[in-house]
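The structure under discussion appears below in the form of structure tokens.
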Amino acid sequence: MDPQKYETVIGLEVHAQLRTKTKLFCGCSTEFGKTPNTLTCPVCLGLPGALPVLNAAAAEMAVKLALAVHARINPRSQFSRKNYFYPDLPKGYQITQYHHPIAEEGWLRIDGSGRPKIIGIERINLEEDAGKSIHDGLPDSSEKTSLDFNRSGVPLLEIVGRPDLSSASEAAEFLQLLRATLQYLEICDGNMEEGSLRCDANLSLKEKGSSTMGVKTEIKNLNSFRFLQKALDYEAERQAAEIAAGRPIRQETRLWDPVRNRTWPMRSKEEAHDYRYFPEPDLPLLVLDENFMERAKASLPELPQEKVERLIETYRIPAYDANLMAQSRGLADYFERTAALLENPKAASNWIMREVLQYLHGQRIDIGQFPIPAERLADLIRRVDDGTLTLTAAKDIVFPKMIAGGKEASAIVVEEGLGQIADEEALKKTAREIVAANPGPLKQYREGKRQVFGFFVGLMMKETKGRANAPLAHKILKEILDGDKGSS
């Protein structure tokens, strides 16, 4: 896509499954992963004569999100019937909010790669989830579809963003911030793989500088930040190619194929009138009084953007570190517990941003499953800072053994004999032996190839098993390499 010719216009619709104990309109459990069709009743199965009753906890969670995203809360909102047929929608309609949602006109501010940008949120709706269709291929290559209604009736928040996003990277950043906000509020676990957070993306192109919007397509059910970015980038290129070839863009719903890295058509895009919305006759208006809203406001925690600002101000860490750690409330809390035990909070940030996150990503776990408590990580960092343990030994030997065996750093240092070598004469002896054994690199160094210095440093650390005091070892090596004693 030529960015000089076209502008990308993106809006997200996000569905967040609420962490209530029971469903939106009945008393069935919302627990994930139970045997199919064991968490159902006449209400969530849509049996004739069954009447819905609103879950008050879900309404309170919706209000908390509305407050967190600066939205206008409507004291009176209304449920409607959205009529459409899905095999896993047993009633043949979904109870949702449309004309009179619980909240409207909110916003979140993203960093926008150093250029802060306000992204609008058009409305927040309370609604019930559908069931789940499970497609199984059979040995004879036919396909069987099974229906699991355990998810039917689970409470959702539909969060409809305005088309204020201009790139796939902005869309991913907005979704990450929204996910973190939901997790901080403890109203959604944000697990995209299990489907408790789902995203649909609308994209269109318009000519640069034009106010005329292009025809949009919708990409359904994007369940990771990476897929969201890749799908939007692909769709922008596809639409640009269609326009260049003189073919019209069709308003349709498309799916992302992560194997072929492309979108493909699912169905023509419905308009609101296709759903024949009308007020839900079995539910009264949802009326929120001042006491209800004050309770919700009083329960708000520190939110992600507030935490970022406080981390930067309190611990003097870079904005990049603070933003990344604040995406996870658990990770930010772990950093604060570690930093509180150190004179140098930046050292805690460095270890978490590198070693800790690398381990978490490699194991595909979150900080709650990390085997080293904050107190023990702080002890390890403190030993490096006070010079009793080299950084190399801490990273390459002690840290992995702490993960594997659950031992404290002090025990591993004793077992492995890792006390730092700061004896100048002992280090000089080792350095002279290394230099004498490598006349070729020594000649290169003295002829001006100064990068060879790193080669000698590496040999020094290898010979001392990472125990050499790094500043002292550097000083001694430089003196020997620069002088006449190195070849003796």
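Before moving on, here are some points about what is shown:
- With a requirement of 3 or more residues that are in contact (Cβ under 8 Å) with a residue 12 or more places away in the chain and surrounded by 14 or more Cβ atoms within 10 Å (Cβ to Cβ), the helices (runs of 4 or more DSSP H) lying completely within region 292-377 that satisfy it span 304-315, 319-326, 329-339, 345-351.
- Residue match in region 235-246 (condition: within 24 Å of the chain's Cα centre (by Cα) and modelled with pLDDT of 90 or more): yes
- When region 402-412 is limited to residues that are touching an Asp or Glu at 6+ places or on another chain (Cβ under 8 Å) and part of a helix (DSSP H, G or I), the one that is farthest from residue 360 (Cα to Cα) turns out to be 410.
- Selection within region 309-345: residues that are among the hydrophobic types (A, V, I, L, M, F, W, C) and within 15 Å of the chain's Cα centre (by Cα). The member of this set that is farthest from residue 187 (Cα to Cα) is 322.
- Hey, residue 212 in the same structural domain as residue 114 (by TED's automatic domain parsing), modelled with pLDDT of 90 or more and over 30 Å from residue 67 (Cβ atoms) or not: no
- The lone criterion from (1) in contact with a helix residue (DSSP H, G or I) (Cβ under 9 Å, 6 or more places away or on another chain); (2) part of a loop (DSSP other than H, G, I, E, B); (3) within 30 Å of residue 326 (Cβ to Cβ) left unmet by residue 201 is number (2).
- Only one entry of 173, 158, 128 meets the criterion of being in contact with a Gly (Cβ under 9 Å, 6 or more places away or on another chain), closer than 30 Å to residue 26 by Cβ and in contact (Cβ under 8 Å) with a residue 40 or more places away in the chain, and that entry is 128.
- Residue in region 374-386 that is aliphatic (A, V, I, L, M) and touching a His at 6+ places or on another chain (Cβ under 7 Å) present: no
- Filter result for residue 79 (free of Cβ contacts under 8 Å to residues at least 12 places away in the same chain and within 30 Å of residue 217 (Cα to Cα)): no
- Screening region 129-144 for residues that are touching a Ser or Thr at 6+ places or on another chain (Cβ under 7 Å) and either buried (at least 21 other Cβ atoms within 10 Å of the Cβ) or among the small types (Gly, Ala, Ser) (or both) and picking the one that is modelled with the lowest pLDDT gives 133.
Yes or no, residue by residue, for (1) within 30 Å of residue 296 (Cα to Cα); (2) at pLDDT 95 or above:
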| position | (1), (2) |
| --- | --- |
| 37 | no, no |
| 50 | no, no |
| 54 | yes, yes |
| 58 | yes, yes |
| 65 | yes, yes |
| 75 | yes, no |
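- Test result for residue 42, surrounded by fewer than 17 Cβ atoms within 10 Å (Cβ to Cβ) and within 15 Å of residue 149 (Cβ to Cβ): yes
- Residues being of a type in the set (A, V, I, L, M, F, W, C), crowded, with 17+ Cβ neighbours inside 10 Å and part of a strand (DSSP E or B) - total across region 81-123: 6
- Any hit, region 425-440, residues being modelled with pLDDT under 90, surrounded by fewer than 15 Cβ atoms within 10 Å (Cβ to Cβ) and closer than 23 Å to residue 347 by Cα: no
- Test for residue 259: is it under 19 Å from residue 165 (Cα atoms), in the same structural domain as residue 133 (by TED's automatic domain parsing) and surrounded by fewer than 18 Cβ atoms within 10 Å (Cβ to Cβ): no
- The sole residue among 153, 209 that is more than 23 Å from the chain's Cα centre (by Cα) and either surrounded by fewer than 22 Cβ atoms within 10 Å (Cβ to Cβ) or without any contact (Cβ under 8 Å) to a residue 12 or more places away in the chain (or both) is 209.
The values are calculated or read from the model by the stated rules, or taken from the named source; none is laboratory data. From a predicted model like this one, the values you see are computed outputs, not experimental measurements. Positions of Cβ are backbone-derived with ideal geometry, glycine not excepted, and every protein chain shown enters the neighbour counts.
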